[in-house]
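The structure appears below as structure tokens.
Nothing in this text is a laboratory measurement; each read-out follows from the coordinates by a stated rule. Just so it is clear, the structure is predicted and the values come from calculations on it, not from any experiment. Cβ placement follows ideal geometry from the backbone for every residue including glycine, while neighbour counts extend to all protein chains displayed.
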Amino acid sequence: MENNKFKKLFSRDYLKKYFQRNRNIYTIAISIFLLFVVVGFATGIFSDSDTNSNSENRVNLQENLPSHQVASTIKEDVQTEYFKDMNLGSFISLFIHNFSIDFQVLINGFLFSIPSLFLTFVNGAMVGSIPYDANVWTILLGIIPHGIFEIPSSVISLAGAFMITKFEINCIK
């Protein structure tokens with residue numbers, strides 16, 4: 001009997017109705033996150049100017065190389081800079097870090113989502129600042145695969161914080 005309830009909870013129809021009921025909250029959460037990403041992109045608030053100048057120097061050096069050497073240089077940069085520490089331990093620590101941030105965003109819904117908005121601003125602005133610090137290959141091979149999971153989890157946790165705040169306001173009324 002319990003197994004049947006669990007299956008019903010994750011059925012396609014139940015999830016579809018859930019997202020239809022909470023469409024406005026998810027739309028607001030997505031809009032806010034995207035706004036913070038745009039602010040981060042427009043200002044480069046979390047960019048590191050030293051890294052930016054180093055990538056410009058690499059591009060200037062690569063202009064004089066044949067195309068096959070440029071490709072191998074970019075591949076080496078990506079591998080040495082971003083994948084040298086990639087192992088199960090770093091994956092687990094990154095997962096725990098992201099989970100704890102999303103959990104904090106969710107729990108801060110009890111504080112009328114004000115701290116949740118701050119944490120989401122930092123996360124969104126950092127995502128928006130990425131193009132200042134990384135080349136195209138780093139973004140394609142290192143950041144987008146990570147963002148596929150992190151960005152939806154950030155939006156879902158912000159929407160959850162808004163739902164908690166909505167519940168709290170209804171209880172106060």
- Message: Just to be sure I understand the model, the point goes 7 Å from the Cα along the line to the Cβ. What's the resulting Leu35 to Glu168 distance in nm?
- Response: 1.9 nm
- So for R0 = 30 Å, FRET eff. of Arg21-Ile96 from the Cβ-Cβ r, to 0.05, ends up at 0.45
- Subtract the Cα-Cα distance of Ile107 and Val136 from 0.36 nm times their separation in residues, and report this length gain in nm to one decimal. 6.9 nm
- Note on the structure: Expected sort for 9-19, 155-165, 132-142 on mean C-beta neighbours within 10 Å, highest first, is 155-165, 132-142, 9-19
